[in-house]
1. Can you tell me which residues in the stretch 100-110 are out of contact with any Gly (no Cβ under 8 Å at 6 or more places or on another chain) and closer than 18 Å to LEU49 by Cβ?
2. What tally of residues in the stretch 120-136 results from selecting those that are under 24 Å from HIS175 (Cα atoms) and free of Cβ contacts under 8 Å to residues at least 60 places away in the same chain?
3. Six or more apart or on different chains, Cβ under 8 Å: which pairs go from a residue in the stretch 140-152 that's of a type in the set (Phe, Trp, Tyr) and crowded, with 19+ Cβ neighbours inside 10 Å to one that's modelled with pLDDT of 95 or more and part of a loop (DSSP other than H, G, I, E, B)? Could you list them?
4. Is it true that some residue in the stretch 66-76 is exposed (fewer than 14 other Cβ atoms within 10 Å of the Cβ), within 19 Å of HIS185 (Cβ to Cβ) and assigned by TED's automatic domain parsing to the domain that holds MET195?
5. From the list HIS175, HIS185, HIS179, which one is assigned to a loop (DSSP other than H, G, I, E, B) and either surrounded by 15 or more Cβ atoms within 10 Å (Cβ to Cβ) or not small (Gly, Ala, Ser) (or both)?
6. Among residues belonging to the stretch 129-159 that are outside any strand (DSSP E or B) and acidic (Asp, Glu), point out the one that is farthest from ASN105 (Cα to Cα).
7. Take the residues in the stretch 88-128 that are in contact with a Lys or Arg (Cβ under 8 Å, 6 or more places away or on another chain) and in a loop (DSSP other than H, G, I, E, B), then tell me which one is nearest to GLU67 (Cα to Cα).
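The values are calculated or read from the model by the stated rules, or taken from the named source; none is laboratory data. Note that this is a predicted model, so its numbers are computed, not measured. Don't worry about glycine lacking a Cβ; one is built from the backbone with ideal geometry, like all the others, and counts go over all protein chains shown.
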Amino acid sequence: MAINKYYKSGVRVLQLFLIATIFAFCDSTSPGFEDSGQLIELDVRVFLLESSKSENITATLNSVEVEELLEGVNKVWSQANIQWNITLLSTEEAQNAELFELMMNNEFPRSMSLLRSIIPGDKLSSDTWDVFLIHDFGGGIGGVYFPDLAAVLQPEVDPMGGIALEGGLVRILAHELGHSLGLPHVTCTLTGNLMAPGCFQGNRTRISKTQIENTRKQAAVNRPFNGTN
């Protein structure tokens, strides 16, 4: 009887120990923001650039269209349960418009440094997502994310000549915001991918499981990616 009593007591202690260990393990490895599936909401400021010296710069989207644009982008990024909310919509004067027009007329070499030079630097913030919209880049450029500025420069005219929301603007902006979450370009495959530039195969807005995991980690920091991708 005494042996049985002590045996049962020992088993009970072992059971309590195992239960405590399981709870401690679960607590120490509980899902974080990056893998919990919770909605991550990010602030984005949208600037419509304009210039009396350049019709190519002056954006034509109105506030309703900008909201529709972000709604489309959020549908793409709902795959990762990430959502951008507009906290500011403002019209701002672009810089370096005359040189930009020379570039558009093929009178000055096209370069990333020139494109970035039209962004008004005093409007930048590294703690939020900034999107600067202009009318047209010219050529085959769909959009640009500048990591050091934590800013997207996006034309309304897509590389195929589509205008605004009737073109590929939603997908292209979703792509550039993918860069802002740390994603690099990937190779075009039959399955398709949001980050495959110039890819016309498969699902062109697809985001892979690995990409989702990586972007949620960056989004959880609540700050745009500012490294090299």
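1. Listed by number, the residues that qualify are PHE100, GLU101, LEU102.
2. 2
3. Correct list of pairs: PHE146/ILE119.
4. No, every residue in the stretch 66-76 fails to be exposed (fewer than 14 other Cβ atoms within 10 Å of the Cβ), within 19 Å of HIS185 (Cβ to Cβ) and assigned by TED's automatic domain parsing to the domain that holds MET195.
5. Only one candidate passes the filter, namely HIS185.
6. This residue is ASP148.
7. Residue satisfying both the conditions and the ranking: THR128.
Yes or no, residue by residue, for (1) more than 21 Å from the chain's Cα centre (by Cα); (2) at pLDDT 95 or above; (3) of a type in the set (Phe, Trp, Tyr):
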position	(1), (2), (3)
ALA20	yes, no, no
PHE23	yes, no, yes
SER63	no, yes, no
GLU67	no, yes, no
